[in-house]
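Each remark here refers to the structure printed beneath this line.
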Amino acid sequence: MGSPETGNTRLRSARQALGLRSQQQLADAVTRAGNSIGLRISITARTVRRWESDAPPWPHPDHQAAVEALFQRPIAELGFTPPWADAGSGTPQPESSPASRTLTAGSLAGSLTVFPQRYPAASLPSSVVTDYISITTAHRHMYWTVPPAQLHDVVAAHVHLGARLVPSVPEAARRSLAAAVSESSLLAGRIEFFDLQNPAKGQASLVIALQAAQDAQDPLLGSAVLAHMAFIPAFSGDRKRADEARDKIRAARAFARRGPASPEMLAWLDAVEAEVETRFGNTRKALQLIHHGEDIFATEEPRPSPPWLDWFSPVRLAGFKGNTLLIAKQPGPARDTLQSVLDRLPTESAKQRSVILGDLAAAAVAENDPEQACLLAEEALDHLARYWYATGMDRVRAVRESLTKWESRPCVRRLDERLYDWNTTVNALTG
């Protein structure tokens, strides 16, 4: 570590201003700040020592969020240089042309204010916020039909723009703008995780969304972001990450109580927790959670949900149930539930339709009906050809793996022809 006159003097001075006399005290304080906003982190004195060195590394997004929550200022004001900054400049890079680099929501790297203000504070009219929210709403609607790889870059750029505008709009409108930025970054994270299968980028975007929700003082958006964060460890296949996923669910429920949340959102949190438990092999608890969600829909007085909660309904809850029944080795009830879901899915739920068809095909395999499984898998591929969805393709691939003992049958060979045609193969590798 450098002498007192060298190293990251900004961070050291900020630490001392808070009365934190040692690097271990700062590590403990950052850990507590992260836990208070729903992040499961544990900072060590060694990490702080690197942060206070002559060349501090750009912190992990979760660590950035915790540091900013503690000091209540952007990470770039604490002596850290963003990876996208000019070499040696120590300040964020000005706008680059679209051709110079690929923009992602995560390139904000954890702060809504790491970019230099392009305008004096409050120099823009509040109508800018109205226009920005209109675009956010349009992106929300387009998610269900526009190819995700195309929509993603537009949404990421929209997050980038909103983050730069927050300091420049009238103070009374900043919370509304921050909420729209949070929703957009949540959408970017959903695309990155569910559609593009890039959990690292998805996590970075979700951290941005959580910070923006904090600026907006919107606990329901915070709850939605935290619940989405639970999917990442749950889908990792690493059973050691079960506590991480469950911690995010607990945080999401705590934030939802501050809302207060609508019955629909509470049922969705049950569904997310059920998905987590299913992924970690606890299907009995998952089914209990789904039954609880069903009871909420059946008994609670309806209250309006936030407009961004457009990914859930009683039909979607039944979709979660069908998948859980399937994994619980109850193919008959799973088939009946999933068929009912397929019959009730609205037309615009094209992405979900491919997932349900994949699960129905898996139920047919479990019932030793390869012919029906192949027909359903091919129907799923028909939908994927029009509305690409990586999660749906994962379901089809899993079905194909389970058909190994029937590989000599014409129906399986026909499925392979569809599964490995030009369009499907290219979409799978680039979508």
For segment 199-207, state whether one or more residues are polar (S, T, N, Q) and farther than 18 Å from residue 272 by Cα. yes
Scanning segment 329-379 for residues that are within 26 Å of residue 147 (Cα to Cα) and among the charged types (D, E, K, R), the one modelled with the lowest pLDDT turns out to be 348
Just checking, does segment 335-356 include any residue being under 25 Å from residue 238 (Cβ atoms) and not assigned by TED's automatic domain parsing to the domain that holds residue 400? no
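Yes/no per residue for (1) assigned to a helix (DSSP H, G or I); (2) among the aliphatic types (A, V, I, L, M); (3) free of Cβ contacts under 8 Å to residues at least 24 places away in the same chain:
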position: 185; (1), (2), (3): yes, no, no
position: 194; (1), (2), (3): yes, no, no
position: 209; (1), (2), (3): yes, yes, no
position: 226; (1), (2), (3): yes, yes, no
position: 259; (1), (2), (3): no, no, no
position: 284; (1), (2), (3): yes, no, no
position: 291; (1), (2), (3): yes, no, yes
position: 296; (1), (2), (3): yes, yes, no
Qualifying residue in segment 49-63 (condition: among the hydroxyl-bearing types (Ser, Thr, Tyr), under 23 Å from the mean Cα position of the chain (by Cα) and surrounded by fewer than 21 Cβ atoms within 10 Å (Cβ to Cβ)): no
Restricting attention to segment 303-332, and to residues there that are surrounded by 17 or more Cβ atoms within 10 Å (Cβ to Cβ) and in contact with a Lys or Arg (Cβ under 7 Å, 6 or more places away or on another chain), which single residue is farthest from residue 268 (Cα to Cα)? 308
Selection over segment 312-345 where residues are without any contact (Cβ under 8 Å) to a residue 24 or more places away in the chain and outside any helix (DSSP H, G or I) yields a count of 1
Out of (1) modelled with pLDDT of 95 or more; (2) of a type in the set (A, V, I, L, M, F, W, C); (3) surrounded by fewer than 24 Cβ atoms within 10 Å (Cβ to Cβ), the one residue 388 does not meet is (1)
Enumeration of residues in segment 279-306 that are among the small types (Gly, Ala, Ser) and under 21 Å from residue 233 (Cβ atoms): 281, 286
Within segment 381-414, track down each residue that is in contact (Cβ under 8 Å) with a residue 60 or more places away in the chain and of a type in the set (Val, Ile, Thr). 391
Output the residues belonging to segment 142-173 that are part of a helix (DSSP H, G or I) and without any contact (Cβ under 8 Å) to a residue 24 or more places away in the chain. 142, 150, 154
Would you confirm whether any residue within segment 360-367 is in contact with a Lys or Arg (Cβ under 6 Å, 6 or more places away or on another chain) and either over 26 Å from residue 318 (Cβ atoms) or crowded, with 22+ Cβ neighbours inside 10 Å (or both)? yes
Residues of segment 182-217 being more than 8 Å from the chain's Cα centre (by Cα), buried (at least 24 other Cβ atoms within 10 Å of the Cβ) and closer than 21 Å to residue 135 by Cα, in sequence order, are 182, 183, 184, 185, 208, 209, 210, 211, 212, 213
Kindly list, by first and then second residue, each pair from a residue in segment 27-45 that is within 13 Å of residue 247 (Cα to Cα) to a residue that is part of a loop (DSSP other than H, G, I, E, B), limited to pairs with Cβ atoms under 6 Å and residues at least 6 apart or on different chains. 34/41
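The values are calculated or read from the model by the stated rules, or taken from the named source; none is laboratory data. Every value quoted in this text rests on a predicted model; they were computed, and no experiment measured them. All Cβ positions, even for glycine, are placed from backbone atoms using ideal geometry, and neighbour counts span all protein chains on display.
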